[in-house]
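S.K.: What follows is a single structure, and I will ask about it in a moment.
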Amino acid sequence: MNDQNDRASVTRIQSHYGIVFPQDYLDFIQLHGDASFDLIQGTETEDWDIRFHVLDDQFIVNNAALVDEVNPDPRRIIPIAWSVSSGNNYLLDYRENKVFPSVLVMEHELAMVREDAESEAETMEEAQQLMEENVKLLAAHFQSFAALLQVRSSQA
């Protein structure tokens, strides 16, 4: 895909969500988009085989099909990567800061589907609170998240 198509897709995606991707995120995936990463915190590998979603015409459709039903705010929390090994999702959270969104992690095994949250809860507010438990803060902004990533070696 050429640069012009990439820019057009990014523009469409940003317009759909009403957001602007951080430039450091766009630069990172331009350089490393095809790579696979391990998430390292301290000396521990927390997650492995993390891959970034391609910013193409399928981005919005894929998010709707694969993540929106467990996402507490699909319009303002945008999935950008997932772990092939664990199924965990990594998401940009635009709710607090529209310029420097924080990065959340959604653990695949623990995520509750919206329909279940709504049937378990007595109120919509309670259901939303259950959905909020699907995500936890991982990094204050994309650059902090990128600092935790290490390119996965082909032998690993």
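S.K.: Does the chain classify as rounded, prolate or oblate by the C-alpha gyration tensor (a ≥ b ≥ c root eigenvalues; a/c under 1.5 gives rounded; else a/b over b/c gives prolate, otherwise oblate)?
M.R.: In terms of gyration-tensor shape, oblate.
S.K.: If you don't mind, there's one more thing I want to ask. Taking 0.36 nm per residue of separation and subtracting the Cα-Cα distance, what length does fully extending Lys98 through Leu137 add?
M.R.: Stretched fully, the Lys98-Leu137 segment lengthens by 12.5 nm.
S.K.: When the chain is fully extended, how far beyond the present Cα-Cα distance does His108 get from Gln41, taking 0.36 nm per residue of separation?
M.R.: 22.2 nm
S.K.: Select from Ala81, Ala35, Ala121 the residue whose mean-square fluctuation is largest in a Gaussian network model of the chain (Cα-Cα springs shorter than 10 Å).
M.R.: Ala121
S.K.: Say we join alpha carbon atoms closer than 10 Å with springs in a Gaussian network model of the chain; which of Asn63, Asn71, Asn89 then has the biggest fluctuation?
M.R.: Of Asn63, Asn71, Asn89, the most mobile in the Gaussian network model is Asn63.
S.K.: Another one. With r as the distance between the Cβ atoms of Glu122 and Gln58 and R0 = 41 Å, compute the FRET efficiency 1/(1 + (r/R0)^6) and round to 0.05.
M.R.: According to the calculation, E is roughly 0.65.
S.K.: Please report Val10, Val113 as a ranked list, fewest other C-beta atoms within 10 angstrom at the top and most at the bottom.
M.R.: If I rank by nearby Cβ atoms, fewest first, I get Val113, Val10.
S.K.: Within segment 24-68, what residues put their amide N at less than 14 Å from the label point 7 Å along the Cα-to-Cβ vector of Ser15?
M.R.: 57
S.K.: Arrange Leu91, Leu31, Leu55 by Cβ neighbour counts within 10 Å, fewest through most, would you?
M.R.: Ordered by Cβ neighbours within 10 Å, fewest first: Leu31, Leu55, Leu91.
Bear in mind these aren't lab numbers, they're just calculated from the coordinates by the rules spelled out. Owing to the predicted nature of the structure, the values given are computational and were not obtained by experimental measurement. Methodologically, a virtual Cβ is constructed for each residue, glycine included, from the backbone with ideal geometry; neighbour enumeration extends over all protein chains shown.
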